[in-house]
Amino acid sequence: MFPSWDVAKAVDLIHQHQVNFTMASTPFLNDLSNTVAEQHDKVDSLKIFLCAGAPIPGPLVQKAREILGVKVISAWGMTECGAVTLTRPEDEDEHSFNTDGIALPGVEIKIVNKKGQTKAVNESGRLMIRTCSNFGGYLKRPHLNDTDAEGWFDTGDIAYQDEHGYIRICGRKKDVIIRGGENIPVAEIESLLYKHPNIATVALVAYADERMGERSCAIIKLKDQTKPLSFNELVDFLKTHNLAMQYLPERLEIWEDIPMTPSGKIQKFKLRELLAQHIASTAVEAN
């Protein structure tokens with residue numbers, strides 16, 4: 001154990017203790033992959049990396065598989081109910097690249113629309129779960145309890161379930177970007193951007209617009225700050241990956257620091273606040 005994250009020290013500890021299993025969230029897996037690649041190092045003892053705690057972009061998992069040689073187990077859960085889904089060690093790599101796992105024993109999952117009706121296979125909707133580990137509610141905040149009379153808990157996530165029962169988290173309901181009445185596929189765009197060789201971290205967030213209601217901004221932390229990324233280069237990159245024109249980000253911000261929780265989750269609510277402040281201050285300066 002060490003008090004704060006130090007990727008170089010983590011690599012040293014893996015070598016020193018011949019670590020074969022570890023678990024952490026996306027940023028730590030990303031850091032480890034980048035460091036091993038940059039140092040032309042190997043972590044041969046490490047066999048399994050269980051990744052949880054934050055959305056897991058497929059390209060990042062694929063990169064870790066290629067660079068580290070580990071089996072990446074994708075997991076998803078919540079404080080309110082514990083672990084919910086998991087890809088299994090015997091699963092094909094594609095399941096870790098493209099899904100967040102299948103329901104664990106004792107866990108029920110359904111994807112529903114706004115009226116509570118079950119959605120078809122591969123159609124996104126509200127992710128509901130029912131399990132014996134569901135929490136009782138929020139202390140002194142009963143109005144926030146989203147568990148219905150039948151025990152189904154509304155996770156606040158948007159997801160879809162494939163024909164084999166594996167789910168894919170598309171994002172939080174509160175993080176959805178609605179541009180001119182059309183939902184922007186946030187997770188899909190972020191996943192595409194993680195394929196860019198100089199993008200370390202990316203978050204797509206909304207900013208207010210008088211005409212369209214909301215527009216999307218890509219906030220990016222670069223791997224190498226000496227290699228700038230322009231807005232046009234960003235758009236061209238997404239076009240080469242066949243992203244529809246109406247989904248292209250309309251603003252780019254390059255930041256050195258992106259706010260995260262201790263577990264490695266990007267704090268999008270803070271990003272939205274900071275972006276709004278930045279846009280407002282820029283407008284004042286322009287006037």
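The values are calculated or read from the model by the stated rules, or taken from the named source; none is laboratory data. The structure displayed is predicted, hence computed values, not measured ones. Counting neighbours? That spans all protein chains shown, and the Cβs are built from the backbone with ideal geometry, glycine included.
Could you tell me which of the residues LEU68, LEU46, LEU60, LEU50 is touching a Leu at 6+ places or on another chain (Cβ under 8 Å) and under 26 Å from GLN267 (Cα atoms)?
LEU60
State whether one or more residues within the stretch 202-219 are surrounded by fewer than 17 Cβ atoms within 10 Å (Cβ to Cβ), under 25 Å from SER96 (Cα atoms) and at pLDDT 90 or above.
The answer is no, given that none of the residues of the stretch 202-219 is surrounded by fewer than 17 Cβ atoms within 10 Å (Cβ to Cβ), under 25 Å from SER96 (Cα atoms) and at pLDDT 90 or above.
Taking the options ALA54, ALA149, name whichever one is under 22 Å from the mean Cα position of the chain (by Cα) and of a type in the set (A, V, I, L, M).
ALA54
Residues in the stretch 158-171: is at least one over 26 Å from GLU92 (Cα atoms) and either over 21 Å from the mean Cα position of the chain (by Cα) or modelled with pLDDT under 95 (or both)?
Scanning the stretch 158-171 turns up no residue that is over 26 Å from GLU92 (Cα atoms) and either over 21 Å from the mean Cα position of the chain (by Cα) or modelled with pLDDT under 95 (or both).
Being of a type in the set (Asp, Glu), in a loop (DSSP other than H, G, I, E, B) and more than 18 Å from HIS196 (Cα to Cα) is the filter here, so list the residues in the stretch 251-287 that pass it. Reasoning before the result, please.
The first filter runs over the stretch 251-287 and keeps only residues of a type in the set (Asp, Glu), leaving 253, 256-257, 273, 285.
In the following step, the residues that additionally are in a loop (DSSP other than H, G, I, E, B) were identified as 256-257.
ASP257 - this is the single residue of the stretch 251-287 that is of a type in the set (Asp, Glu), in a loop (DSSP other than H, G, I, E, B) and more than 18 Å from HIS196 (Cα to Cα).
Just one of GLN225, GLN246 is more than 19 Å from the chain's Cα centre (by Cα), of a type in the set (S, T, N, Q) and not in a loop (DSSP other than H, G, I, E, B); which is it?
GLN246
Suppose we keep only residues that are in contact with a helix residue (DSSP H, G or I) (Cβ under 7 Å, 6 or more places away or on another chain) and more than 27 Å from THR226 (Cβ to Cβ) within the stretch 244-287. Which one would you say is surrounded by the most Cβ atoms within 10 Å (Cβ to Cβ)?
LYS268
Which one is farthest from GLY264 (Cα to Cα) among residues in the stretch 1-43 that are surrounded by fewer than 19 Cβ atoms within 10 Å (Cβ to Cβ) and acidic (Asp, Glu)?
ASP41
Taking the stretch 40-64 as the search range and keeping residues that are part of a loop (DSSP other than H, G, I, E, B) and among the basic types (Lys, Arg), which one is modelled with the lowest pLDDT?
Filtering first and then ranking leaves LYS42.
For the stretch 147-203, name all the residues that are under 23 Å from SER230 (Cβ atoms), β-branched (Val, Ile, Thr) and part of a strand (DSSP E or B).
ILE177, ILE184, ILE199, THR201, VAL202
Taking the stretch 129-153 as the search range and keeping residues that are buried (at least 17 other Cβ atoms within 10 Å of the Cβ) and either without any contact (Cβ under 8 Å) to a residue 24 or more places away in the chain or of a type in the set (Ser, Thr, Tyr) (or both), which one is farthest from GLY77 (Cα to Cα)?
Among residues in the stretch 129-153 that are buried (at least 17 other Cβ atoms within 10 Å of the Cβ) and either without any contact (Cβ under 8 Å) to a residue 24 or more places away in the chain or of a type in the set (Ser, Thr, Tyr) (or both), the one farthest from GLY77 (Cα to Cα) is THR147.
Just the residues that are out of contact with any helix residue (DSSP H, G or I) (no Cβ under 9 Å at 6 or more places or on another chain) and in a strand (DSSP E or B), please, taken from the stretch 204-222.
ASP209, GLY213, GLU214, ARG215, LYS221, LEU222
Can you pull out the residues in the stretch 65-90 that are outside any helix (DSSP H, G or I) and of a type in the set (Val, Ile, Thr)? I'd like the intermediate steps shown before the answer.
In the first step, residues of the stretch 65-90 are kept if they are outside any helix (DSSP H, G or I); the result is 69-90.
Residues satisfying the conditions are VAL70, VAL72, ILE73, THR79, VAL84, THR85, THR87.
The rows are residues; the columns are (1) closer than 15 Å to ALA208 by Cα; (2) touching a Pro at 6+ places or on another chain (Cβ under 9 Å).
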residue: ASN232; (1), (2): no, no
residue: PHE237; (1), (2): no, no
residue: TYR247; (1), (2): no, yes
residue: ILE266; (1), (2): no, yes
residue: ALA276; (1), (2): yes, no
residue: THR282; (1), (2): yes, no
